[in-house]
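First comes the structure, then the notes that go with it.
The values are calculated or read from the model by the stated rules, or taken from the named source; none is laboratory data. All of these numbers come straight from a predicted model, not from anything done at the bench. Note: ideal-geometry Cβ built from the backbone for every residue, glycine included; neighbour counts use all protein chains shown. Quick note on the areas: whole protein, heavy atoms, side chains included, nothing else; ligands and nucleic acids left out. Shrake-Rupley method; radii C 1.70, N 1.55, O 1.52, S 1.80 Å.
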Amino acid sequence: MSRPQKRVVRLRVNGEDHELAVSPHETLLEALRYGLRLTGSKQGCDKGDCGACTVRLDGAPVLSCLTLALEAEGREVVTIEGLARGAALDPVQAAFDECGALQCGFCQSGMMISARALLDRTPSPTLGEIKEALSGNLCRCTGYTKILEAVQVAAGQCRPGEGPVGDGLGRRRT
Amino acid sequence: MRTPSRTRVIGTRRRKVDSVQKATGQAIYADDLQLPRMLHAKILRSPHPHARIRSIDFSECLALPGVVAVLRGEEMPVRYGIIPWTEDEQALAVDKVRYVGDEVACVAALDELTAQEALEKIRVDYEPLPALLSVDEARRSETRIHEGSKHGNVSKHVDLAFGDVDLELSRSAVVVEEDFYYEGSTHAPIEPHCAVAQLDGDGNLTVWSSTQIPHYLHRALAKVLGLPERRIRVIQPFLGGAFGGKSDPFALEFCVAKLAQKTGRPVKILYTREEVFYAHRGRHPMKMRFRVGTDREGKITAVDSKIDIDGGAYSSFGLVTAYYSGQLLTGPYRFPSYRFDSTRWFTNKPCCGPKRGHGSVQPRFGFEVALDLCAERLGLDPIEIRRRNFIGEDVVTVNGQRIGSNGFERCLDAVERASGWKERYGRLPPGRGLGVAGSMYISGTAYPIYPNEMPQTGVQVKLDRSGRVTVFSGASDIGQGSNSVPAYVLAEELGCCPEDVVCVAADTDLTPVDLGAYSSRVTYMLGLACLEAAQRLRAQLAAAVAAHFGVPEGAVEGELGSWREPGGRAISFQEAVKLAEAKFGTLGATGSYRTQKLGGDYRGGTIGASPAYSFTAHVAEVAVDEETGRIAVEKLWVAHDCGRALNPCLVEGQMEGSAYMGYAEALFEEQGYDGRGLHRGPSLLDYRIPTTLDTPDLQALVVESIDPNGPYGAKEAGEGPLHPAIPAISNAVWRAVGIRLTELPFTPAKVLRLLRERDAQRRPAAGGG
């Protein structure tokens with residue numbers, strides 16, 4: 001089988017410009033992880049089920065395992081490595097740390113990217129809105145409780161150890 | 001050790017030592033490793049559930065540009081297995097495949113895509129054999145899955161009796177007899193299995209693997225590769241979840257190691273999500289019949305179980321699974337007599353193994369529902385019947401397990417109070433109900449998997465004039481926080497801050513042996529090992545500081561970064577270390593832990609024997625939609641006796657994660673196969689692990705019984721809190737709509753069928769017949 005020729009793609013990742021030769025079928029996740037060595041975005045399923053690969057593309061959370069690297073040409077990509085502002089953690093990262101929301105940590109890069117995108121859009125979300133926004137990010141360790149709390153802490157709605165607070169709206173029946 | 005009331009670090013909510021690395025994406029997991037000249041390999045898997053391999057032809061595969069090496073079973077024929085008495089696995093099949101997905105051959109290429117293409121060019125000539133896809137088929141068939149088996153397709157049979165069960169049952173006021181079925185489930189950690197191997201110029205091999213048991217992997221690699229253990233280094237990088245699913249040695253670890261030897265280049269294998277579902281080693285399907293007798297007051301008189309366990313194609317931990325299916329049921333209630341008869345069978349399906357709550361989640365489900373049936377017959381409140389049967393503290397169970405601390409009654413009190421049970425039980429609107437269940441679990445096992453007299457865990461602690469404390473720990477942090485436990489213990493004892501402790505972990509070249517993250521052993525055993533080392537160093541620090549101030553050694557105390565004497569003078573922790581280093585020379589200490597001999601005096605009596613037991617109670621609140629058959633679990637209250645919460649935040653996290661996983665098994669998850677042995681849905685969405693929207697509110701209620709033997713009184717929290725979720729939900733559904741769910745998972749179809757049966761029984765027989 002002959003391989004299609006690689007093409008050069010210009011990616012703007014975490015505010016820095018990169019030029020990278022990628023195959024047409026190469027995903028944004030592969031380009032980030034294996035091309036740019038930004039391994040903070042994780043591959044849990046490689047088919048859009050788990051959300052561990054979530055990055056922001058022009059602000060919107062997307063599954064980088066279902067996004068071709070070529071589709072990101074000229075667009076703004078933010079990964080977990082770009083969430084902190086300089087040496088200071090993003091409030092979402094700090095809250096995940098303080099609330100014990102990070103167990104194995106593997107799903108959390110994507111989880112925190114989704115949480116940041118939510119809070120940029122909706123600075124004071126309801127518990128139901130938080131659940132909805134994170135429903136594409138699977139976590140196997142925490143039962144989500146401390147993750148929900150951490151997002152509320154980042155939003156200034158409660159303190160570590162107090163949450164999650166609220167009505168639980170948005171629960172889907174099985 | 002400080003008394004619990006005087007601790008400064010232990011018992012407080014603390015960050016984990018490594019969570020900022022995880023929060024920033026800096027933590028390196030196995031697949032994040034990229035080494036110069038690294039090859040990528042892929043494993044060819046069997047499309048047949050049972051077949052003989054006549055021949056394998058690699059010629060087309062080897063001709064593909066980019067293919068560097070291939071591997072066949074004959075190159076690594078040595079049999080291995082996690083239990084030394086049941087070594088029945090080979091890295092790649094030599095003559096036979098035993099399940100769809102069994103490993104047949106391996107290819108290393110310049111990149112992953114080429115390796116994948118190359119797999120399609122390997123020609124395997126199979127002779128299909130009869131496939132045994134259920135316990136009944138395995139029992140009846142003349143076909144043997146393992147030719148050498150002595151007893152047909154039986155993997156392990158355990159039959160143990162304590163007291164006269166038949167006599168007790170014949171004298172019981174109530175005898176409940178009920179069948180239960182637990183369909184299998186799998187761990188589904190979000191990180192797929194991954195391993196990387198590298199050979200250095202001296203022939204030393206390094207294997208990085210997403211394993212939760214580096215020590216056993218180390219031993220298995222040495223055995224299969226025929227290398228001395230001292231030539232192999234196993235490193236566990238950050239691990240993306242495990243839950244028991246990364247306990248066995250897996251084909252990928254042997255393959256990368258052998259290919260690194262063959263090619264002289266680093267080699268990586270990353271399983272696809274589909275491969276993870278087939279690699280499995282998850283919770284066993286169990287078909288269970290329980291007979292439970294009680295007297296008129298609801299006190300248990302006898303428990304009798306017969307269990308068929310579907311083990312899949314290999315033994316794995318199956319010997320232990322068969323024992324655990326009976327041995328771990330004898331608390332938190334007193335059983336005057338008990339018998340269990342458990343048989344694990346080989347079938348042509350992916351191999352089952354240990355999943356969180358190994359071997360005991362399934363019988364706990366059956367028993368706790370049966371106990372509810374007893375309460376129903378007697379007209380007793382379900383919490384009350386559990387209180388009446390409480391076994392107590394400092395007792396020996398019917399099967400010879402010694403229980404020390406026991407906070408189960410307080411767990412019942414906690415869930416009763418938090419759920420408003422007294423006011424609400426039996427008074428909720430139609431379709432809604434509350435249910436309760438309890439459980440017990442081990443905090444480590446008394447014996448190592450291979451018999452030896454050496455420590456089960458060990459640490460080395462180094463500190464120097466920088467004020468930095470380094471602990472070398474063999475334990476495997478799989479997200480539960482075992483790299484943080486040493487920081488809390490050392491900070492408490494040495495007077496430094498937890499942030500001043502760095503933990504080097506799970507690297508067989510650098511760290512002492514630890515037996516791995518299984519059986520809920522780590523906090524208990526590692527904590528005690530850390531305490532032993534810390535107390536040696538603390539004595540040196542105290543002596544040096546006391547001499548400096550000219551006061552008695554007992555008068556000085558270290559606390560969160562400083563050491564002080566009663567008069568108010570203080571020096572920093574770093575100054576204290578400098579004084580100690582000047583006085584005693586280079587500072588360092590080791591600590592280790594090994595259990596005493598425990599357990600009953602009979603064959604198998606040590607299996608299930610633990611230095612301490614944890615206890616849990618759950619109350620579930622459910623709403624059942626009779627139109628659709630859907631169950632909504634509104635809330636789970638989880639009370640767990642963890643002995644002492646070294647860090648309450650982490651204990652709650654374990655309780656919430658456990659309850660979530662039990663809930664998931666109750667309502668969603670099913671590791672099922674079709675008639676050809678194919679997994680019915682080997683993806684995270686088809687298998688249906690719950691999302692934020694599916695997961696109920698979980699409330700963790702920490703109960704502390706201060707175990708006399710655990711570190712600061714601690715016991716386990718990682719596995720016990722899963723058990724009661726499933727029976728509590730089943731029992732709540734009974735209160736809600738009057739049906740008894742006895743088969744997992746509780747799908748709408750099963751609920752609707754039982755509702756129809758309920759209605760048929762309630763309605764007078766329709767005339768006209």
To the nearest 20 debye, what charge dipole does the stretch B:85-242 have about its Cα centre, counting +1 at the Cβ of each Lys and Arg and -1 at the Cβ of each Asp and Glu? 660 debye
Using a 10 Å cut-off around each Cβ of peptide B:645-656, what is the average number of partner chain Cβ atoms that fall inside? 4
Considering only DSSP beta bridges with both partners in chain A, what is the antiparallel share in %, to the nearest 5? 90 percent
For the B and A pair, go ahead and give the buried accessible area with a 1.4 Å probe, both sides summed, in Å² to 100. 5100 Å²
Ignoring ligands and nucleic acids, what accessible area does B:Thr143 show with a 1.4 Å probe (Å², nearest 10)? 30 Å²
Calculated [θ] (222 nm, deg cm²/dmol) that DSSP helices of n ≥ 4 give over chain B, each run adding -39,500 (n - 2.57): -8500 deg cm²/dmol
quick shape note, chain B: Cα extents on principal axes in Å, largest first -> 99, 75, 49
Ignoring ligands, DNA and RNA, the residues of the stretch A:126-167 whose accessible area with a 1.4 Å probe is reduced by 40 Å² or more relative to the chain alone are A:Lys131, A:Ser135, A:Leu138, A:Arg140, A:Cys141, A:Gly143, A:Tyr144, A:Thr145, A:Lys146
Of all accessible heavy-atom area on the stretch A:8-82, the percent that carbon and sulfur account for (1.4 Å): 47 percent
Can you give me the three principal axis dimensions of the stretch B:386-473 from its C-alpha atoms, in Å, biggest first? 66, 41, 24
Cα-Cα pairs in chain A separated by more than 30 Å, as a whole percent of all pairs, come to 19 percent
Shielding by other protein chains, B:28-35, mean Cβ within 10 Å: 3
What average count of beta carbons from other chains do you get within 10 Å of the Cβ of residues in B:693-704? 4
Straight-line reach only, C-alpha to C-alpha below 13 angstrom: list the aspartates and glutamates that B:Lys258 could link to, leaving out same-chain residues fewer than 8 apart. B:Glu74, B:Glu75
Within the stretch B:183-258, what percent of beta bridges assigned by DSSP are antiparallel, to the nearest 5? 55 percent
At 20 °C and a viscosity of 1.002 mPa s, what translational diffusion coefficient does Stokes-Einstein give for the stretch A:8-82, taking Rh as the Kirkwood radius over Cα pairs? Give it in µm²/s as a whole number. 182 µm²/s
Find the relative contact order for chain B and round it to a whole percent, using C-alpha pairs within less than 8 Å whose residues are 6+ positions apart. 16 percent
With 10 Å bins from zero, work out the P(r) of the stretch B:543-641 over every alpha carbon pair and list the percent per bin. 12, 20, 12, 15, 21, 12, 6, 2, 0
Per residue, how large is the accessible surface of chain B? Use a 1.4 angstrom probe and give square angstrom. 33 Å²
Base-10 log of normalised Debye intensity for the stretch B:1-111 (one unit scatterer per alpha-carbon) at q = 0.12, 0.18, 0.24 Å⁻¹: -0.68, -1.00, -1.27
Among the DSSP beta bridges whose two residues both lie in chain B, what percent are antiparallel, rounded to the nearest 5? 80 percent
Output for the stretch A:91-154 (equivalent-ellipsoid semi-axes, sqrt of 5λ from the C-alpha gyration tensor, Å, descending) is 16, 12, 10
Links exceeding 25 Å between C-alpha atoms in this model, out of B:Lys306/B:Lys349; B:Lys156/B:Lys306; B:Lys223/B:Lys306, come to B:Lys223/B:Lys306
Are there trypsin sites (Lys or Arg not before Pro) in the stretch B:3-62 that DSSP puts in a loop and that have at most 11 other Cβ atoms within 10 Å, and which ones? B:Arg37
Hey, any idea what % of the stretch B:631-735's accessible area is carbon plus sulfur with a 1.4 Å probe? 44 percent
Mind ordering B:555-564, B:147-156, B:341-350, B:440-449 by average Cβ neighbours within 10 Å, highest first? B:341-350, B:440-449, B:555-564, B:147-156
In whole percent, what relative contact order does the stretch B:48-107 give with Cα contacts below 8 Å and a gap of six or more residues? 44 percent
Cross-link candidates for B:Lys583: which lysines have Cα within less than 30 Å, leaving aside residues fewer than 8 places away along the same chain? B:Lys462
For the stretch B:84-116 and the stretch B:196-260, what is the separation of their C-alpha centers, rounded to whole Å? 16 Å
Select from A:Leu134, A:Leu29, A:Leu68 the residue whose mean-square fluctuation is largest in a Gaussian network model of chain A (Cα-Cα springs shorter than 10 Å). A:Leu68
Among B:319-330, B:283-294, how do they line up by average Cβ neighbours within 10 Å per residue, starting with the highest? B:319-330, B:283-294
For B:Lys150, counting only aspartates and glutamates whose alpha-carbon sits under 14 Å away and dropping same-chain residues fewer than eight positions off, the answer is B:Asp88, B:Glu142
Could you work out Rg/(2.2 N^0.38 Å) for the protein assembly as shown, with Rg from alpha carbons only? 0.94
For B:Glu191, A:Glu16, give me the order by solvent-accessible area with a 1.4 Å probe, most accessible first, ignoring ligands, DNA and RNA. A:Glu16, B:Glu191
